[in-house]
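All remarks here apply to the structure that follows.
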Amino acid sequence: MSVSAPFSFFKNRKHNLDRMTLGDLVYSFFTYYAVVAYIAVGITSFVLAVKWLDNPVRMLLTMLATSLAFPLGWYLVHRNILHGRFLYKSPLTAAMWKRVHFDHHQDPNDLRVLFGALGNTLPLISVVIVPMGWLIGGRASAAAGLGWAMVNICFYEFCHCIQHLNYTPKLGFLKEIKRLHLSHHYHNEQGNYGITNYLWDRVLTTYYAKAGDVPKSPTVFNLGYTAEEAQKYPWVDRLSGGTRGDGHPRRFWEGKNPDSVQTVAEEPARAASGEH
């Protein structure tokens, strides 16, 4: 597919995944500041790991532990913090919650709010992985663990983009995780919290294989921040210029024909449920 330079994050414009090609996404992905930062931190960490190398086995054990800790950490953050309802109840954290997850569920195809905020993700990953690696094998293992964590976050972010891109993956793995994630966004947000790994959903009983297994959630787009909640905790409402009360995901698509927008919005829901 062709690469469309106008979709680069060097351009100040809206990036709609339902209008982008795979080539557009690849170009945009590698021009996003957080991804550039992850790659830079990853390369630096691996260089330091090689420089300080003293015990390859411990280094490999750290990378294995990172591969296990990353999906668990994401699951816990996604379920208990991003889908928690405590952040919007304080004026100190309402703006952060709006940016890191509410906006993404209001408009799942807006690439600008799909990525995790670098100021949140990098410190959180570092504070978990670096001490763990140090305990396993000292500074070399700590550096290798952080480098491998950057590979994990880039893989996770790219798969997340693919899940919202108007594109049908050819790989069975990508196709399956996309189906499960669309169910989380368009059917019931209280399950399928994993992005690339649904092991912890299965272990902690939040996994559902198809939309028909659980009821349709009335809060799938607003994450529980209803009109009633907005009256009590108005900060996200004020920052958003109002929130939708009709269950429609495209809160920020103003000036569009409602009928045509609804048709586009319903397509991922049909894909998630397996309808054609």
Scanning the range 214-235 for residues that are exposed (fewer than 12 other Cβ atoms within 10 Å of the Cβ), closer than 21 Å to Tyr186 by Cα and out of contact with any Gly (no Cβ under 8 Å at 6 or more places or on another chain) gives Pro215
Per the filter on the range 164-203, residues within 21 Å of Ser67 (Cα to Cα), touching a Leu at 6+ places or on another chain (Cβ under 7 Å) and surrounded by 23 or more Cβ atoms within 10 Å (Cβ to Cβ) are Asn192
Log entry, pairs with first residue in the range 164-186 being of a type in the set (Phe, Trp, Tyr), second being modelled with pLDDT under 95 and part of a helix (DSSP H, G or I), beta carbons closer than 6 Å, six or more apart or on different chains, reads Tyr167/Leu22; Tyr186/Pro268; Tyr186/Ala269; Tyr186/Ala272
For Glu157, the lone unmet condition from (1) closer than 22 Å to His185 by Cβ; (2) touching a Phe, Trp or Tyr at 6+ places or on another chain (Cβ under 7 Å); (3) surrounded by fewer than 17 Cβ atoms within 10 Å (Cβ to Cβ) is (3)
Result of the Cβ filter at 6 Å on the range 121-141, keeping first residues that are of a type in the set (A, V, I, L, M, F, W, C) and partners that are outside any helix (DSSP H, G or I), at least 6 apart or interchain, is Ala140/Trp52; Ala140/Leu53; Ala140/Asp54
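The values are calculated or read from the model by the stated rules, or taken from the named source; none is laboratory data. Computed from a predicted structure; not experimentally measured. Neighbour counts run over all protein chains shown; Cβ positions are idealised from the backbone, glycine included.
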